[in-house]
Amino acid sequence: AGARATRVSLVVPDTIARVSLVRFEAVPAKVGDLDELIRWQVKKTTPFPLDEAVVGYTAGLAAPGSYEFVVTVARRDVVRQYEEACELAGAHAGIVDLATFNVVNAVLAASGPVADDWLLVHAAPSYVSLAVLRDGHLIFYRTRGDEAEGSVADLVHQTAMYYEDRLRGQ
């Protein structure tokens with residue numbers, strides 16, 4: 001369009017991060033305490049030291065006595081490589097987000113609030129991500145790279161079975 005943006009949002013491949021849904025019975029009043037609690041919880045499943053990571057989270061589905069958070073963990077050096085590409089183009093990446101989350105946000109923005117459960121299948125050239133949402137909140141997320149065995153149909157079927165059995169889906 002001829003305009004030169006200096007501030008940009010950066011959308012990165014899902015495969016650079018690990019996404020977890022973390023649930024607590026109670027949430028600390030201080031944000032710093034919540035940060036530490038979330039980091040402690042995801043430390044168990046993160047394949048690299050958390051001091052080498054960027055950790056982001058957002059509130060998920062809440063119910064009485066249950067608070068869920070969508071937590072994204074990525075290696076800091078990998079995120080930095082993407083940010084440096086923006087800097088070389090003369091832009092600053094203020095927001096860094098995963099591709100599938102942006103597709104979900106686009107669907108929600110276009111359709112408005114969705115009161116039912118729905119499945120998003122995001123097929124990229126080197127991976128497939130699936131997201132199940134309930135009332136606009138993420139309740140399941142999985143990314144599978146091309147190197148994994150099985151078809152996309154198999155992955156969707158496995159997700160549907162998990163959804164029905166474990167997430168009480170209809």
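The values are calculated or read from the model by the stated rules, or taken from the named source; none is laboratory data. Here the structure is a predicted model, which is why all the values come from computation and not from measurement. We place every Cβ from the backbone using ideal geometry, glycine too, and count neighbours over all the protein chains shown. Please note that ligands, DNA and RNA were not included when accessible areas were found on the heavy atoms of the full protein model with its side chains. Shrake-Rupley method; radii C 1.70, N 1.55, O 1.52, S 1.80 Å.
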Count - residues of the stretch 4-58 that are in contact (Cβ under 8 Å) with a residue 60 or more places away in the chain, surrounded by 12 or more Cβ atoms within 10 Å (Cβ to Cβ) and either in a strand (DSSP E or B) or among the charged types (D, E, K, R) (or both) = 9
task = Identify all residues within the stretch 140-152 that are at pLDDT 95 or above and either over 21 Å from the mean Cα position of the chain (by Cα) or hydrophobic (A, V, I, L, M, F, W, C) (or both); write none if there are none.
result = Phe140
task = Check Asp77 against each of (1) over 20 Å from Val8 (Cα atoms); (2) modelled with pLDDT of 95 or more; (3) among the acidic types (Asp, Glu) and name the one condition it does not meet.
result = (1)
ask   = Can you spot a residue in the stretch 62-69 that is more than 20 Å from Thr46 (Cα to Cα), of a type in the set (A, V, I, L, M), in contact (Cβ under 8 Å) with a residue 12 or more places away in the chain and surrounded by 11 or more Cβ atoms within 10 Å (Cβ to Cβ)?
value = no
task = State all residues of the stretch 113-158 that are among the aromatic types (Phe, Trp, Tyr) and within 13 Å of Ala99 (Cα to Cα); if no residue qualifies, say none.
result = Tyr127, Tyr141
query = Going through the stretch 109-122 one residue at a time, which ones are in contact (Cβ under 8 Å) with a residue 12 or more places away in the chain, of a type in the set (A, V, I, L, M) and exposed (fewer than 14 other Cβ atoms within 10 Å of the Cβ)?
reply = Val114, Ala115
request  = Would you point out the residue of the stretch 75-110, among those that are in contact with a Leu (Cβ under 9 Å, 6 or more places away or on another chain) and in a strand (DSSP E or B), that is nearest to Asp135 (Cα to Cα)?
outcome  = Asp97
ask   = Does Ala131 meet the test of being modelled with pLDDT under 95 and either in a helix (DSSP H, G or I) or surrounded by 14 or more Cβ atoms within 10 Å (Cβ to Cβ) (or both)?
value = no
request  = Only residues that are open to solvent by 20 Å² or more (accessible area, probe 1.4 Å), part of a strand (DSSP E or B) and not basic (Lys, Arg): list them for the stretch 140-170, please.
outcome  = Phe140, Tyr141, Thr143
Qualifying position, being touching a Leu at 6+ places or on another chain (Cβ under 9 Å) and of a type in the set (Lys, Arg), among Arg39, Arg4 = Arg39
